[in-house]
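Colleague: If you scroll down you'll find the structure; I have some questions about it.
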Amino acid sequence: MKWLSKRYAYPMAGLAILVSVGLQAAWLVQLFDAQREQIKRDLEQSVSRAASMNDYLSVVHGHEKSQNFRNFFLSPEWLQFKQAFTNMRKRHVSGRFSSDLKDDSTIIDISLRIANNQTQPSKRKVIRSYDIGETQASVEAGDRRDLIRMDSLVKVEFDKNQLDVSFYHVLYDYDTGKPESHALYNKSQHADYRSLLYSYNINFFFHNYQLVVPSVSKVVLYRMRYYLISSFLMLALTALAFVFLFRLISSQQLYTRVRLAFTGNMTHELKTPVSVIEAALDAVSRYQLYRDPVKLENYLEISRSELQRLNMMINKVLSLEQLDNGEIVLRKELYDVQQGLASMVAAMQLRNGNSNAKIYYHPSDEPCFVDGDPLHLTNVFYNLIDNGLKYSGTDASITIHCSAEEETVSIVIADNGPGIAAIYREKIFERFFRVPEEASTHNVKGSGLGLHYVKQIITVHGGTISVRSEDNKGSQFIIELPAYHEI
Ligand code: ADP
């Protein structure tokens, strides 16, 4: 399907993720604003409750048992009434509340003073009158005490409503409306939230109280935590789903490419020996070579070695099937790695005949014994040396080292070939994998099975194989097998 190709799929997926992120962000911003407003309402309610409670506490003495009394001061009507009274200052009206105990009731006197000219309240000269027994100092002390109580009542209300915010207050002169501290007043202008003005003691009416919260973002984010987490999870899951989908598509594409390449390579690998044998037998009968035993022997030798190659190919595929299905049965015995390598090197040198390729073997002074299957381990050495010769071209030079330590036997097979790029060094051990032709300097046919087989065999022997390589400076395959120990 053309529209599924990466060219279209990646931008489409990118767009889908961008749109989801955009929608989520818009929704979260809206939610943030709504929560912010809600928190401001909650803050206002908490301050007004604290102010009502403070009013009540300032006159409760002697009325502790009266539910009516309590209900009145904590009612929203009282609050509205008092706020209206406070707000009237803007209309050049000022006034006082005073409360008194008479028999079994509390009398609250409200006096209003309406200015007869238009002077600003702040410019008016206020003459404070004190009740009997009150002095400037006693009023100030009482006001300070009630202010402390107001702050702690606010804190209690905040805790009740889970409003974990830092706050401070600004005081305004009750009569003139002027802030007590200009520094605090100026600072409060940049705050996220400033409450309405509340008086907090109906005996003194000395100050109005304004609560200031510099920032409500922390609480907003805390309240939105579940939405934020679920949005984030949704986006992460969507992105993850896309990643998995693309990986799947890529591996499917790779698999299809590899399968096609494998079929082509295998056909070549299988057809070559068959064609060579066919040609050899054809030559024997056409030129009646049975009359020339030397030539006949030569042609038979070629056919035999091609048949051997064919047999090895078939065995490789069959063993791999067994290995992958976990059905391989190893015939383990005490195996002398040095001897195995030496006879393999001799056979390969013979096979190479008079080509320029060289194989150097450096045996170890220490004995190198492992507990292994001779057939499979010899195949491993064959594959690695054969690859070295195949990929290093006519002037191939293969160097083989074997060494033994207490616990491990190490075999290093190095060549002077084209090397393997870093991105392919893990992949070459995968089934069917071949370095893509456009990325390699060689054009050698193969099945992509050899190194997979090698790795599987080394692994079932409890060993490891790794490759070291630099571009154009050859490759080194390093095998480490557990050394043989008598039990
Ligand atoms: P095959 O040789 O049949 O293709 P292998 O599994 O033996 O399959 O090797 C996998 C790939 O690793 C090869 O296609 C080749 O690109 C790369 N490779 C293996 N050995 C060497 C080497 N000695 N030098 C360079 N490339 C190598």
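Colleague: Leaving out ligands, DNA and RNA but keeping every protein chain, what accessible area does Phe72 have, in Å² rounded to the nearest 10, with a 1.4 Å probe?
Modeller: 90
Colleague: Largest first, what is the accessible-area ranking of Glu430, Glu486 with a 1.4 Å probe? Kindly include the intermediate steps, with their values, before the conclusion.
Modeller: Values: Glu430 85, Glu486 150 Å².
Ranked from most to least accessible, the order is Glu486, Glu430.
Colleague: Please report, as a whole percent, how much of the solvent-accessible surface of the chain comes from carbon and sulfur atoms (probe radius 1.4 Å). Before the final figure, lay out the partial values.
Modeller: Numbers: 16560 of 29140 Å².
Whole-percent figure for carbon plus sulfur exposure: 57.
Colleague: Per residue of the range 9-15, what does 6.51 cos²θ - 1.76 cosθ + 1.60 with θ = phi - 60° give for ³J(HN,Hα)? Whole Hz please, x for Gly and Pro, Karplus curve as stated.
Modeller: Once θ is set to phi - 60°, the couplings for the range 9-15 become 5, 4, x, 5, 5, x, 5 Hz.
Colleague: Just how much of Asp471 is accessible, in Å², when a 1.4 Å probe is used and the result is rounded to the nearest 10?
Modeller: It works out to around 100 Å².
Colleague: Send over a whole-number figure in Å² for the accessible area per residue of the chain, probe 1.4 Å. Present the calculation step by step, with values, prior to reporting the outcome.
Modeller: Details: 29140 Å² over 487 residues.
That works out to 60 Å² per residue.
Colleague: Using the Karplus curve 6.51 cos²θ - 1.76 cosθ + 1.60 with θ = phi - 60°, work out ³J(HN,Hα) for each residue of the range 454-460 in order, rounded to whole Hz, and write x for Gly and Pro.
Modeller: So the Karplus estimates, Gly and Pro as x, are 4, 5, 4, 5, 4, 5, 5 Hz.
Colleague: Another one. What translational D, rounded to a whole number of µm²/s, comes out for the range 268-404 from Stokes-Einstein when the hydrodynamic radius is the Kirkwood one over Cα pairs, at 10 °C and 1.306 mPa s? Intermediate results must be reported in sequence, preceding the final value.
Modeller: Details: Rh = 17.3 Å.
Estimated diffusion coefficient is 92 µm²/s.
Colleague: Please work out how much accessible surface Thr459 shows to a 1.4 Å probe, ignoring ligands, DNA and RNA, in Å² rounded to 10.
Modeller: Number for this one is 80 Å².
Colleague: With θ set to phi - 60°, apply the Karplus curve 6.51 cos²θ - 1.76 cosθ + 1.60 along the range 195-210 and write out the HN-Hα couplings as whole Hz, x wherever there is a Gly or Pro.
Modeller: These are the phi-based 3J(HN,Hα) values: 7, 5, 8, 10, 8, 10, 7, 7, 8, 9, 6, 9, 10, 9, 10, 10 Hz.
Colleague: Here's something else I'd like to know. Sorted from largest down, what three extents in whole angstroms do the Cα atoms of the chain have along their principal axes?
Modeller: 148, 59, 40
Colleague: Whole number please: convex hull volume per residue of the Cα set in the range 333-482, in Å³?
Modeller: Numbers: hull volume 15.7 nm³, N = 150.
Given the Cα convex hull of the range 333-482, per-residue volume reads 105 Å³.
Colleague: Between Rg and the Kirkwood Rh of the range 240-324, both from Cα atoms, what is the Rg to Rh ratio?
Modeller: Working: Rg = 21.0 Å, Rh = 16.1 Å.
Rounded to two decimals, Rg over Rh is 1.31.
Colleague: Taking a temperature of 4 °C and a viscosity of 1.567 mPa s, what whole-number D in µm²/s does Stokes-Einstein yield for the range 229-279 with Rh from Kirkwood over alpha carbon pairs?
Modeller: Details: Rh = 14.2 Å.
For these conditions, the coefficient is 91 µm²/s.
The values are calculated or read from the model by the stated rules, or taken from the named source; none is laboratory data. It should be emphasised that the depicted structure is a prediction, and the values quoted were computed from it without experimental measurement. These area figures cover heavy atoms from the full protein model, side chains too; ligands, DNA and RNA do not enter into them. Shrake-Rupley method; radii C 1.70, N 1.55, O 1.52, S 1.80 Å.
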